[in-house]
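All remarks here apply to the structure that follows.
The values are calculated or read from the model by the stated rules, or taken from the named source; none is laboratory data. All of these numbers come straight from a predicted model, not from anything done at the bench. As a convention, Cβ positions derive from the backbone with ideal geometry for all residues, glycine included, and neighbour counts pool all protein chains shown. Accessible surface areas use protein heavy atoms only, side chains included; no ligands, DNA or RNA. Shrake-Rupley method; radii C 1.70, N 1.55, O 1.52, S 1.80 Å.
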Amino acid sequence: MGRRLAVLLACAVACSASTFAQTPPAAQPAAADGVTLLLVRFEALLQADREAEFPSLVSTNFPPEDVQGFAAGLFDAGTRRALVIERDRAPLSGALPGDGYRVVAELFLESAERARIITVLLDVRRPSGGAPDSWRITAAQAATSIDGLFRLRVNGTQQFTARNLTIAAEDLLLTLTDGSVFLVESEAGVTGLILFGSGVMRFTPAPETERGQMRIFAGADTLSAPFETAFVRVNPFDYEQRVSVASLTPAAVNPRDLRRAQEMLARDGPKSFSLDLRELSSDVWYLLPPSGDLLADVRTRRHGTLTYSRMATQSEDITLFDRERRRTIALYPSAQRRALRGLSFNEDDQRDYDVIDYDIEANIQPQTELLEGRTRLRLRMRTASASSLTLRLANDLVVRGVVSPEYGRLLHLRVREQNSVIVNFPAPLPRDTDVTLLVSYAGRVTPQEVEDESLQAGEGRVQEEPLTIPPEFSFLLSSRSYWYPQNPIPDYATATLRITVPEGFGCVASGRRRTGDEVTLRDLLTLDEGPAHVFLARDPLRYFAVVVSRFVRAAEATVKLEPGLGDPTDGAGISVAIDANPRQHGRGKTLIDDVQAIMRFYAGVVGEAPYSSLTVALVENELPGGHSPGYFAVLNNPVPASRLTWRNDPASFSSFPEFFLAHEIAHQWWGQAVGWRNYHEQWLSEGFAQYFAALYARHARGERVFTDMLRQFRRWAVAESEEGPISLGSRLGHLRGEPRVYRALVYNKSAAVLHMLRRLVGDEHFFTALRRFYAAQKFRKAGTDDLRAAFEEVAGRSLERFFDRWIYSADVPRLRYSTGFGGGTVNVQFEQIGSAIFDVPVTVTIVYSDGRMQDEVVPVTDRRVEWTVATERPVKQVQVNRDFAAVAVFERGP
């Protein structure tokens, strides 16, 4: 139990400026003075290692062998400081009121070099009406522990001269050509090195995708970066295996160098594997990296501080991170992981528990960005046995308490800079155990910008003059705000949200808004701040969101679906509404018809609608864009006096003004009802949303607009594909700070790939497979392999190469073609140039002399393809890819 929690903590703090804060123990009632006195005496015995006197604190009914067994693991001659902190108590069964308690306490035991935290369960009683000093321990159990807390120190008695010293890890080689080395030691042995001098950091990622990112970052497949200082952490058992210790020669200690090393440990050490236990100790405590792991902070001359980590607890266990700019340069599974499962993974495999339901209460003050919240989580354990779990919560939200009806007040460790809270239980939780947590918290919370999901303004677009009409203020808390405690690995759950906002503000949130006649007394008393806006998410969602602004109801309607379609309302109709900023009221009224039409169209394509209601929150901004959590969508409407232009963006479609509305509504099906397993699978959300928007454009505005969108899909896909494959997800454009790359590939290229898949397998197979995929993955997180399997089953053919080339490769096919006609036939020849063969459906357009046109789809699936068709009329010309449906570079041959 202790080792598992230590590993969990190590994972949480690695590669971050991480410290822990513990909530002070709750004040105890005056009636408990006798219990407090007993614990103070227990603390004094632990501090002085007076184990022989411990029996004086226990009842005669406590078996001597059990007393000895309990005490043996606690008392130690090396203990120089001990704390006993009562965390919770409950009346003891069978005892008279006030005469017996089950006490949960934390013991902090500190020696010169290490420390541990032990959770103990103590049954304490006193004789009826007994004096305060008559309390005794009648039963005791050490429940869980956090072991392996170490002090680290620079060995000040040794300095080494290094010549060609090497430190090796997978795909990493640090070479200190000439310099000095100090060892960082713990009681368990050498756990770190501090390097000064002239060295080179060589990082050579094995996967081709990561080499492509390295070319963007460093201009070559391999990073070769000179450095002058480095701080390395290793497990003591790995020290001699990782480090060429023969390259170290003892030298006289230079006091100036020693001071630099000590300052470096004090400055950089707490950024990883470090604990600050606050109420328990003023010292900095460290964890040892697990065996096989390594972390290196390297201060390079050109790139600043780069952090390499090999962390076996992560699905993608090799990382290169630019700490100063907060950029992930490389992230991928090690060779061993790749051999076992390839590059793909399902993040759910590492989920320790499922959240079944949330009850979220939040008092939001949007103009000061303050939030006070209480959340109940009902969860079920997935691991075989766990004594702790991790919650995700924004760093700046201070946790006031974590309580469980089953286990009382719980110890929680706040992980800063990681948006994490680790909760410790007094007993291991077996698999399938149901647990309820009540978490109270408050503080400042950073809103999520809708612009994160929006267009990017073009170059030279900002005028210096301020806006004459600034946009109406809005405040969005969503998936990246971590505004409520949640599973670090998102999963589907139901929820009730009770949101309180200041007078004059309104809000839209995930769930169906509870109507006035459904309001309960609890809603009126939520957080003692007046009536709450209540939203019910009875269909599961991956995350929950809320947007606060000055809203007025602009329009509302009920969408009746065609008979035979899946209807979550059982025929009552899907409630749709537009809540708008006051200046957008008129615009909101005009949107309601489009919302209804889009909902009906998508339901007809997929076969159902996923949620019983949809509210569009129409807010003001300088740029168009949107964000679509479950049950609602935030839509930016640019203010008339906007200083920005956005025409040169992959998501700018001037001939389709409903684009953003259509795209965001599509996310109710793709991204919400059907989620994605990890960031590599984001294309399933954005690609389907983009393609569905294009399908609606064809339905509502005709073939020309649809072709215009295909043209833009192809243009941006060809222009930006060298930045990486679709499967790189949110990392696309990340190194350059260029979000257009992400939209060009994850939005546009993905949509084009779906269209090519449709043309390859045919309309009937495409839409049949799409509906089967949706039905199988609804309220689940899907992967590319799930989509491929659905289409292979319906089409009756392998699509492995199609998905490998288009999703996992950054290449774009080059096709050389030639055309000929005459004698009643048309002949077209294609040749794929390059080593990789793609499956590319290409439209061949025959233009007849009378002006009529005939489109034929030619599947180019081999190195050379020749296609011939008979004609009955004179042919004027033959065109290739006139509809821009094929993402390829075409060259006319001889």
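Hey, can you tell me all the residues within the range 304-316 that are under 21 Å from residue 212 (Cβ atoms) and either surrounded by fewer than 19 Cβ atoms within 10 Å (Cβ to Cβ) or at pLDDT below 95 (or both)?
Residues satisfying the conditions are 315, 316.
Please state which one of 105, 82 is more than 16 Å from residue 34 (Cβ to Cβ), at pLDDT 90 or above and under 43 Å from the mean Cα position of the chain (by Cα).
Values: 105 fails: more than 16 Å from residue 34 (Cβ to Cβ).
Checking each option against the conditions leaves just 82.
Rundown of residues vs (1) out of contact with any Asp or Glu (no Cβ under 7 Å at 6 or more places or on another chain); (2) polar (S, T, N, Q); (3) in a loop (DSSP other than H, G, I, E, B); (4) buried (at least 19 other Cβ atoms within 10 Å of the Cβ), yes/no style:
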site: 543; (1), (2), (3), (4): yes, no, yes, yes
site: 548; (1), (2), (3), (4): yes, no, no, yes
site: 556; (1), (2), (3), (4): yes, no, no, no
site: 562; (1), (2), (3), (4): yes, no, yes, no
site: 571; (1), (2), (3), (4): yes, no, yes, no
site: 587; (1), (2), (3), (4): yes, no, no, no
site: 593; (1), (2), (3), (4): yes, no, no, no
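If we keep just the residues of the range 384-420 that are part of a strand (DSSP E or B) and of a type in the set (Lys, Arg), which is most open to solvent (accessible area, probe 1.4 Å)?
Of everything passing the filter in the range 384-420, 400 is most open to solvent (accessible area, probe 1.4 Å).
With the requirement that a residue be acidic (Asp, Glu) and open to solvent by 30 Å² or more (accessible area, probe 1.4 Å), what does the range 327-350 give you?
Within the range 327-350, the first condition is being acidic (Asp, Glu), and the residues that meet it are 347-349.
Of everything in the range 327-350, those that are acidic (Asp, Glu) and open to solvent by 30 Å² or more (accessible area, probe 1.4 Å) turn out to be 347, 349.
When the range 104-121 is examined, which residues are found to be open to solvent by 30 Å² or more (accessible area, probe 1.4 Å) and either of a type in the set (S, T, N, Q) or under 13 Å from residue 152 (Cα atoms) (or both)?
Matches in the range 104-121: 112, 113, 114.
Could you list all residues from the range 687-709 that are surrounded by fewer than 23 Cβ atoms within 10 Å (Cβ to Cβ) and either closer than 23 Å to residue 626 by Cβ or touching a Ser or Thr at 6+ places or on another chain (Cβ under 9 Å) (or both)?
Residues satisfying the conditions are 695, 698, 699, 700, 701, 704, 705, 706, 708.
So which strands (runs of 3 or more DSSP E) are wholly in the range 322-383 and hold at least 1 residues that are over 29 Å from residue 292 (Cα atoms), touching a helix residue (DSSP H, G or I) at 6+ places or on another chain (Cβ under 8 Å) and of a type in the set (Ser, Thr, Tyr)?
By residue number, no strands (runs of 3 or more DSSP E) qualify.
Determine, yes or no, whether residue 840 is touching a residue at least 60 places away in the same chain (Cβ under 8 Å), touching a strand residue (DSSP E or B) at 6+ places or on another chain (Cβ under 8 Å) and open to solvent by 30 Å² or more (accessible area, probe 1.4 Å).
no
Identify, from the list 793, 800, the residue that is surrounded by fewer than 16 Cβ atoms within 10 Å (Cβ to Cβ) and closer than 25 Å to residue 673 by Cα.
793
At negative phi, charged (D, E, K, R) and open to solvent by 10 Å² or more (accessible area, probe 1.4 Å): does that describe residue 664? Spell out the reasoning first.
Details: at negative phi: yes; charged (D, E, K, R): yes; open to solvent by 10 Å² or more (accessible area, probe 1.4 Å): no.
Taking the combined requirement at face value, the residue does not satisfy it.
Exactly one of (1) open to solvent by less than 50 Å² (accessible area, probe 1.4 Å); (2) more than 46 Å from the chain's Cα centre (by Cα); (3) among the β-branched types (Val, Ile, Thr); (4) modelled with pLDDT of 95 or more is unmet by residue 871. Its number?
Every condition holds for residue 871 apart from (4).
Residue check, residue 166 against (1) modelled with pLDDT of 95 or more; (2) part of a loop (DSSP other than H, G, I, E, B), all met but one. Which one?
Residue 166 satisfies all of (1) modelled with pLDDT of 95 or more; (2) part of a loop (DSSP other than H, G, I, E, B) except (2).
For the range 638-661, what are the residues that are of a type in the set (D, E, K, R), in contact with a helix residue (DSSP H, G or I) (Cβ under 8 Å, 6 or more places away or on another chain) and at pLDDT below 90?
At the first step, the residues of the range 638-661 found to be of a type in the set (D, E, K, R) are 643, 647, 649, 658.
Remaining after also requiring in contact with a helix residue (DSSP H, G or I) (Cβ under 8 Å, 6 or more places away or on another chain): 649, 658.
Scanning the range 638-661 gives a single hit, 649.
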